[in-house]
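Have a look at the structure below, then the notes.
Bear in mind that the values in this text are calculations on the coordinates, not laboratory data. These numbers come from a predicted model, not from an experiment. As a convention, Cβ positions derive from the backbone with ideal geometry for all residues, glycine included, and neighbour counts pool all protein chains shown.
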Amino acid sequence: MSLCSPRISIVIPTYNERDNIGETLSGVTAILAGSEYEVVVVDDDSPDRTWEVVEGLSATMTSVRLIRRTAVKRDLVRSVLEGLRAARGTILGKMDADGSHLPRHIPALVQAIENGCDLAVGSRYIAGGSIVAWPTHRLWLSKTATKILRSLLQIELCDPLSGFYFVRREIYERMAETGTVRGFKLLLELCVRGRPRHFAEIPIVFHNRAHGVSKLSAPVIFHSFVAVLRLVAFNLRRPNTKSIHAAPPL
C-alpha cells in the first residue's frame, strides 16, 4: 500500500466502541488487503478508552490511523467531517464501528464508484438487503422516516438514512463548499449539498450493534429534524433543483 496516496479512505467514527473496534478493523484490513487504502478512526475521547485500543492496533495495522477529538463537544457528524478532511483518498467511505456494517460489502460499494457512480450506498431497503433483529416498531419508524425524507428532499435513494456509503472526493468537497454542515446523517447532506449525478445502492445485511448501546437520543433526534429543515430550505433556494438518479446498469 502507498502511504502517500491511498486510493480509498474509510472514516470510522467511534465513541465507547472498545469491544467492537478491533473486530471491525480486522475485517476491513482483511477485505482490502492488497488495495491502496487507509482507515481513519475518529474517536470522541471515549471514556472507555477506545482510542487506546486503536493506538495499539495501529502499531501492526499500518493502514490505520487515529484522530482523537479532545476538548470538543461530542458530535457524530463533526467527527466524520474531521475524518473526511484528513482523508487522502479519491474514494471516501464511511462506516460504523459497532458491527452493524459488514466489511464484506465494501468491495461492491467501491466497485460501483470505480464503474462511474458518484455515490454508492449500502442499502437495507432494496432487494437483497435486510435488517437483522430489529423490533417491529423500530423498523416501522425507520421506514416511515425514510419515506418522508425522500419526499421532502427529492431523493430517489431507497435508504437515505444509511450510515454505510462511499463517495467520490469531489462530491464531498462540493458539499463542504456550501458552508456549515449539521445533522445526524451526513448522507443526506451529501445528496442535497454535494449534488451527485448518479448513485448505486448495494444490498447489505444490517446487524444490530455487537456490543454497547445506541447513540440515538432525544437531543440528536431534535437536531436532526432541524438539519432536515435546513436542507429543505437549501433545496428551495437552489434553482432548477433535481433529484439524483440511479445509475444505469453497468
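For segment 7-42, filtered to residues that are of a type in the set (S, T, N, Q) and within 22 Å of Leu119 (Cβ to Cβ), the residue that is surrounded by the most Cβ atoms within 10 Å (Cβ to Cβ) is Ser9. Contact map, segment 94-109: residues that are in contact (Cβ under 8 Å) with a residue 60 or more places away in the chain and small (Gly, Ala, Ser) paired with residues that are assigned to a loop (DSSP other than H, G, I, E, B) and surrounded by fewer than 21 Cβ atoms within 10 Å (Cβ to Cβ), Cβ distance under 7 Å, separation 6+ or inter-chain. Pairs shown: Gly99/Arg209; Gly99/Ala210; Ser100/Asn208; Ser100/Arg209. Only residues that are more than 30 Å from Arg88 (Cα to Cα) and outside any helix (DSSP H, G or I) were counted in segment 130-168, giving 7.
For the residues Ala71, Ala120, Ala97, the requirement of being within 16 Å of the chain's Cα centre (by Cα), farther than 15 Å from Val167 by Cβ and of a type outside the set (Ser, Thr, Tyr) singles out Ala97.
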